[in-house]
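Engineer: This is the structure I want to talk about, given as structure tokens.
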Amino acid sequence: MEKLMLTLWKPPQHSAEQWRQTLLGLHDDLATVGARTLRVMVVDEAVAAASTQRITNSAVPLDGLLSLWLDSASQWPSIKDLLTPLTSRLEAYLVLESEPYPEERRARVAQYRVPVGERTPGMNQVALLHKPHRMSYEQWYDTWRNGHGPNAYPLQSIFGYRQNTVVRALTYGAPVLHAIVEENFPPEAIGNPQGFFAALGDPDKCAQRQQAMYESTSKFIDFEKIDCIQTSEYQLSA
């Protein structure tokens, strides 16, 4: 099986709420053409308080994402046909997914599980990563996956973590991306650094963790290109 991640832009005539319901209503049609493990992520009113945590460098930042699995990426045209009329723009990427730190994730995620189709508590922060020019691909990948990850995970309150290495773009002219990271944070992290860094009521710990995170991310992130966007997440199928 192969995983696709689609970056989506809503039509200007639709509100975020209308567009979200339209995307959620695609479940049966997407399943019919072979899509599995569907996850919809949308920028909406539920994450409005996270606006200060948002980082964007794109001229027109995305409005949502769709994550799905197919038996083969060759099925992509059928997915594109369904989504094109419902978006003002979409880009698709074939990715290689990794979910590291399984023991830690299992310990954290239990309290945030909801039935399929319901909104996941908190927010899904999505980061679109570009390899800095100063680094070779091998250096960048090793720093991100083996240097940053193990040190950063304990500094945050995340309960879901998916590292998606971009294999190739599936849409002509899509912006170059090297990775798409998905991080699920609990409700107290929305607009609240202390909740984000698992340091509620402890401003000193929060400041220390913020500094440690910056020192780690600055080793491999191009802050002049990254988009880091907070979304509401809906898991539509397991």
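Engineer: Return a yes/no flag: does segment 163-174 have any residue that is of a type in the set (Ser, Thr, Tyr), out of contact with any helix residue (DSSP H, G or I) (no Cβ under 8 Å at 6 or more places or on another chain), closer than 29 Å to THR22 by Cα and loosely packed, with under 15 Cβ neighbours inside 10 Å.
Structural biologist: For segment 163-174, residues of a type in the set (Ser, Thr, Tyr), out of contact with any helix residue (DSSP H, G or I) (no Cβ under 8 Å at 6 or more places or on another chain), closer than 29 Å to THR22 by Cα and loosely packed, with under 15 Cβ neighbours inside 10 Å: present.
Engineer: While we're here: Please count how many residues of segment 175-208 are closer than 25 Å to ASP222 by Cβ, surrounded by 15 or more Cβ atoms within 10 Å (Cβ to Cβ) and not acidic (Asp, Glu).
Structural biologist: The qualifying residues number 11.
Engineer: A further question on this structure: Can you name the number of the only condition in (1) surrounded by fewer than 13 Cβ atoms within 10 Å (Cβ to Cβ); (2) assigned to a helix (DSSP H, G or I) that LYS80 fails?
Structural biologist: That leaves (1) as the condition not met.
Engineer: If you go through segment 26-49 one residue at a time, do you hit one that is in a helix (DSSP H, G or I) and under 14 Å from the mean Cα position of the chain (by Cα)? Even if it seems obvious, please write down each step before you answer.
Structural biologist: If we filter segment 26-49 for residues that are in a helix (DSSP H, G or I), which is where we start, we get 27-32, 45-49.
Subsequent filtering for residues that are under 14 Å from the mean Cα position of the chain (by Cα) retains 47.
So far as segment 26-49 goes, yes, one or more of its residues are in a helix (DSSP H, G or I) and under 14 Å from the mean Cα position of the chain (by Cα).
Engineer: Which count do you get for residues in segment 89-107 that are surrounded by 14 or more Cβ atoms within 10 Å (Cβ to Cβ) and either at pLDDT 95 or above or among the basic types (Lys, Arg) (or both)?
Structural biologist: 9
Engineer: So which residues in segment 154-167 are closer than 13 Å to TYR214 by Cα and under 16 Å from the mean Cα position of the chain (by Cα)? Write out each step before concluding.
Structural biologist: Initial filter on segment 154-167 (closer than 13 Å to TYR214 by Cα): 155-156.
Passing the criteria: only GLN156.
Engineer: If GLN211 passes every condition in (1) buried (at least 17 other Cβ atoms within 10 Å of the Cβ); (2) farther than 27 Å from THR7 by Cβ but one, which one does it miss?
Structural biologist: (1)
Engineer: Collect the residues in segment 84-108 that are touching a residue at least 60 places away in the same chain (Cβ under 8 Å), aliphatic (A, V, I, L, M) and more than 15 Å from VAL40 (Cα to Cα), keeping them in residue-number order. Spell out how you get there, then give the answer.
Structural biologist: The initial filter retains those residues of segment 84-108 that are touching a residue at least 60 places away in the same chain (Cβ under 8 Å), namely 86-101.
Still in the running and aliphatic (A, V, I, L, M): 86, 90, 92, 94-96.
Of everything in segment 84-108, those that are touching a residue at least 60 places away in the same chain (Cβ under 8 Å), aliphatic (A, V, I, L, M) and more than 15 Å from VAL40 (Cα to Cα) turn out to be LEU94, VAL95, LEU96.
Engineer: Is there a residue in segment 121-136 that is modelled with pLDDT of 95 or more and touching a Pro at 6+ places or on another chain (Cβ under 7 Å)?
Structural biologist: Yes.
Engineer: Can you tell me which residue among ALA31, ALA46 is hydrophobic (A, V, I, L, M, F, W, C) and surrounded by fewer than 17 Cβ atoms within 10 Å (Cβ to Cβ)?
Structural biologist: Values: ALA46 fails: surrounded by fewer than 17 Cβ atoms within 10 Å (Cβ to Cβ).
On inspection, the qualifying residue turns out to be ALA31.
Engineer: Turning to a different aspect of this structure: Quick one: how many residues across segment 187-228 are within 20 Å of GLN163 (Cβ to Cβ) and in contact with a Gly (Cβ under 9 Å, 6 or more places away or on another chain)?
Structural biologist: Within segment 187-228, residues that are within 20 Å of GLN163 (Cβ to Cβ) and in contact with a Gly (Cβ under 9 Å, 6 or more places away or on another chain) number 4.
Engineer: Only residues that are buried (at least 22 other Cβ atoms within 10 Å of the Cβ) and either assigned to a strand (DSSP E or B) or touching a helix residue (DSSP H, G or I) at 6+ places or on another chain (Cβ under 6 Å) (or both): list them for segment 50-67, please. Working first, answer last.
Structural biologist: Step one: filter segment 50-67 for residues buried (at least 22 other Cβ atoms within 10 Å of the Cβ), giving 62-67.
Those that are buried (at least 22 other Cβ atoms within 10 Å of the Cβ) and either assigned to a strand (DSSP E or B) or touching a helix residue (DSSP H, G or I) at 6+ places or on another chain (Cβ under 6 Å) (or both): GLY64, LEU65, LEU66, SER67.
Engineer: Can you pull out every residue in segment 119-149 that is part of a helix (DSSP H, G or I) and closer than 20 Å to GLY195 by Cα? Please lay out each step first, then the result.
Structural biologist: Taking segment 119-149 and keeping what is part of a helix (DSSP H, G or I), we get 137-149.
Correct list: GLY149 only.
Per-residue answers, yes or no, for (1) touching a helix residue (DSSP H, G or I) at 6+ places or on another chain (Cβ under 8 Å); (2) at pLDDT below 95; (3) closer than 30 Å to THR32 by Cα:
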residue: ASP202; (1), (2), (3): yes, no, no
residue: GLN208; (1), (2), (3): no, no, no
residue: MET213; (1), (2), (3): yes, yes, no
residue: SER216; (1), (2), (3): yes, yes, no
residue: GLU224; (1), (2), (3): no, yes, no
residue: CYS228; (1), (2), (3): yes, no, no
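The values are calculated or read from the model by the stated rules, or taken from the named source; none is laboratory data. Model, not experiment: these values are computed from the prediction. Because the Cβ atoms are built from the backbone with ideal geometry, glycine has one as well, and the counts that use them run over all protein chains shown.
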